[in-house]
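Engineer: I have a structure here, written as structure tokens, and I will follow up with some questions on it.
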Amino acid sequence: MNILLLSMPDSFEHMPSIVIRMPNGALTSLAGNVDSHHRVAVADLILAQRSVRETVEKLVREWDPQVVGLSVMTFQRKTAIKIIALIRSLKPDVKVVVGGYDPSLASEPYMTDDAGIDFIIRGEGELTFRELVRALENGGSYDTLSGLSYRSGGVWHHNPPRPVHSLDGDEIRLPNRKARVLKGYTMLGRQVDVIETSRGCTYDCSFCSIIAMRGRNFHTYSFERVLADIRDARSNGATSLFLVDDNITLNVHRFEGLCHAIIEAGCNDVEYFIQGMTSAIANHGETLAPLMRRAGFRYVFLGIENILEDDLQFLRASAKNRERGEQGQTLGNATMKAIEHIHRNKMYVVGGLIVGNPGDTRDSVNANLEFARRYVDWPYIQHPTPYPGTPMTKDFVERNLLVNERVEEYDGTTAVVRSEHLEPEEIEFLRWRKERWIKLAYFPNALRHSPGFVLRNGPKMLKYTFRGCNLRTLLGLEDERVAFRRYRELRAAERAYI
Ligand code: B12
Ligand code: SF4
């Protein structure tokens, strides 16, 4: 069978496609896990952000797929539905499958007749998709395939969920990167790829979709498999690797072992990027941080979430941000110590903060922004966003604070909930006003890190960071709120990918 797998073109504020175009790890994993006689094409539409229609038309014409699969996040739902309509108009009898976080946790919008979808794969996809393709090929029945929802005779059927996979053995095979048909992945000019070493997390932060998606558990791939995956990514040209594990620092002992394995295998000649917990890095940083640096780690996305204890409690993120003493006693917030370890070992902190929580005032938002200005290298400041199935969503609805249900705006930097003291627009304005300057202050670092790329693209990067502003705004001759409105209009226009 010919199979076409697509990820959506939508990007968000902190991932401007000029600088970062990251592959979707789910699709190559699916491609590597269907039976080998199928022809699979993977197209990350972020690589064709400004020519989505033409690219999809060309792919459908040239590939002539019997099955099309789409990977969708919530803010990409609207784009996905439009792309499906286009594909159906080109090939009415094609079978359309959707998967990923949004279809898994908010199936209903995908079940309408207008959406034109035949199958929803809920949760982990490798085995369910492999079995579905077999059933399609052999005319088998769908009702025994766990994790699958399917439409038959105009009615949707939902099979029981598939238990999460232990990741042991070789039932889940390596990703198939050769299936990619578009080019241009980048992270500041270096070719980037994604690797998984584990899945899951045992914490339960209220904003995170992971628990609703797969429950609280943690499973790991063997180091042997991880190293084979790293070598495959390198042989396909990657010099920068994002380890997309939900929480790679959950088991610090294992993470240290992984760093050693990377060094011993000589795979420390690429640049690694991870997301980690402040507590793990603060509590083990003395030995862990130098080891990470030797293994090639360069960027650490730190889930700081918020520097104020009340907000951390709302986000259910206190425990993972706690520093502990030698006897395990609580010492306080781990953030500063984690940042020190990372900086001392010449790595960069991408600071993940969430502002605009229910109790937030102007002062509490500003305190977090000021913290980001002083201590993080690259701010990744978001607003609480009610993704389907998260405890936070329930909270916001119950408190009547959810004011925007246009899911295409659920991108993390559009404020869609208000606090008890501030309107969403005001929260977003406070963030936007400060964050541009924090990002500007990072430009010299970016120049040192990737001189050629920044010299070539610096003007575009600056234009993007300050979009909406003009000389009058920057000289203080215009009310910044006027520029903020222009920025919002530009951003809304950018969302029309198709
Ligand atoms: C890595 C990652 C990123 C990376 C890379 C994204 C990329 N190109 O793939 C970066 C940093 C760029 C990123 C950015 C964002 N991300 Co992100 N990201 C993740 C993370 C940590 C891991 C995803 C991953 O690769 N997993 C490994 C793969 C193999 O697993 P998977 O994606 O789940 O896919 C499996 C199944 O879902 C299913 N499946 C998936 N797609 C399909 C398609 C088909 C056809 C089928 C059959 C099955 C299937 O099968 C796969 C294999 O088992 C998750 C989860 C988490 N804990 O936080 C969040 C997550 C996916 N991100 C999320 C969000 C919101 C974003 C942002 C919008 C904002 C933000 N929080 O940063 C941006 C927007 C990205 C953009 N396009 O601009 C949300 C999505 C929530 C939602 N309901 O939509 C998550 C769940 C985090 C959260 N908040 O809880 N992200
Ligand atoms: S620690 Fe990270 S992965 Fe785990 S629940 Fe919290 S945000 Fe999600």
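All of the numbers you see were taken from the coordinates with simple rules; none came from a lab. The model shown is predicted, which means the values in this text are computed figures rather than measured ones. Note that each Cβ is placed from the backbone with ideal geometry, even for glycine, and that neighbours are counted across all protein chains shown.
Engineer: By the scheme Lys and Arg +1, Asp and Glu -1, what is the net charge of all other residues having a beta-carbon under 12 Å from that of residue 293?
Structural biologist: Charge balance near residue 293 sits at +3.
Engineer: Tally Lys/Arg at +1 and Asp/Glu at -1 over every other residue whose Cβ is under 14 Å from the Cβ of residue 114; what's the total?
Structural biologist: With Lys, Arg at +1 and Asp, Glu at -1, the neighbours total +2.
Engineer: Moving on to the next point. Among 250, 215, 288, whose Cα projects farthest towards the positive end of the dipole of the chain, with charges put on the beta-carbon of Lys, Arg (+1) and Asp, Glu (-1)?
Structural biologist: 288
Engineer: Ok, one more. So what's the gap between the Cα centers of the range 111-150 and the range 176-208, to the nearest angstrom?
Structural biologist: Taking the Cα centre of each part, the range 111-150 and the range 176-208 sit 24 Å apart.
Engineer: How far is the Cα center of the range 58-91 from the Cα center of the range 17-36, in Å?
Structural biologist: 16
Engineer: Related question: In what sequence, highest mean first, do 99-106, 423-430, 141-148 appear when ranked by Cβ atoms within 10 angstrom?
Structural biologist: Result, highest mean first: 99-106, 423-430, 141-148.
Engineer: Cα centroids of the range 286-320 and the range 253-281: how far apart, whole angstrom?
Structural biologist: 15
Engineer: Indicate the gyration tensor shape class of the range 390-498 (rounded, prolate or oblate), computed on the Cα atoms with a ≥ b ≥ c the square roots of the eigenvalues: a/c under 1.5 is rounded; otherwise a/b larger than b/c is prolate and the rest oblate.
Structural biologist: The shape class here is prolate.
Engineer: In the structure shown, do any of 58/178; 82/178; 183/460 have a Cα-Cα gap over 23 Å, and if so which?
Structural biologist: 82/178
Engineer: Right, next: What does the extension gain come out to for residue 156 and residue 35, with contour length at 0.36 nm per residue minus their alpha carbon separation?
Structural biologist: 40.9 nm
Engineer: Rounded, prolate or oblate, given the Cα gyration tensor of the range 168-215, with a/c below 1.5 counting as rounded?
Structural biologist: Judged from the Cα gyration tensor, the range 168-215 comes out oblate (a/c at least 1.5, b/c at or above a/b).
Engineer: Quick one, what does Rg over Rh come out to for the range 2-158 if you take C-alpha atoms and the Kirkwood Rh?
Structural biologist: 0.94
Engineer: While we're on this one: Using 0.36 nm per residue of separation minus the Cα-Cα distance, give me the extension gain between residue 420 and residue 445 in nm, one decimal.
Structural biologist: 5.2 nm
Engineer: Give me log10 I(q)/I(0) at q = 0.08, 0.10, 0.12, 0.13 Å⁻¹ for the range 185-457, Debye formula, one equal scatterer per alpha-carbon, no solvent.
Structural biologist: Ignoring solvent entirely, the Cα scatterers give -0.34, -0.54, -0.78, -0.92.
Engineer: Which Cys residues of the chain have no other Cys Cβ less than 4.7 Å away and so no disulfide-compatible partner by this rule?
Structural biologist: Isolated Cys, the chain: 201, 259, 267, 469.
Engineer: Residues of the range 40-76 with the amide nitrogen closer than 15 Å to a label point 7 Å from the Cα of residue 85, along Cα-to-Cβ, please.
Structural biologist: Within reach of a label on residue 85: 53.
Engineer: A follow-up question, please. Take the Cα pairs of the range 194-315, get the Kirkwood Rh, then feed it into Stokes-Einstein at 10 °C and 1.306 mPa s and tell me D in µm²/s.
Structural biologist: The estimated diffusion coefficient comes to 105 µm²/s.
Engineer: Continuing with the same structure: Hey, can you grab everything whose amide H is under 5 Å from the amide H of residue 69? Only 5+ residues off in sequence or another chain; H modelled, so Pro and N-termini drop out.
Structural biologist: Under 5 Å from the amide H of residue 69 lie the amide H atoms of 4, 5, 6, 97, each far enough along the sequence or on another chain.
Engineer: Tell me the trypsin sites (Lys or Arg not before Pro) within the range 1-96 that lie in a loop according to DSSP and have at most 14 other beta-carbon atoms within 10 Å.
Structural biologist: 50
Engineer: When N counts the residues of the chain, how does its alpha-carbon radius of gyration compare numerically with 2.2 N^0.38 Å, as a ratio?
Structural biologist: Relative to the rule-of-thumb radius for its length, the chain sits at 0.96.
Engineer: What is the extension gain from residue 398 to residue 170, computed as 0.36 nm multiplied by their sequence separation minus the C-alpha to C-alpha distance, in nm to one decimal?
Structural biologist: Length gained, residue 398 through residue 170: 77.6 nm.
Engineer: Using a cut-off of 13 Å between beta-carbons, work out the net charge of the residues near residue 13 (Lys and Arg +1, Asp and Glu -1, residue 13 not included).
Structural biologist: +1
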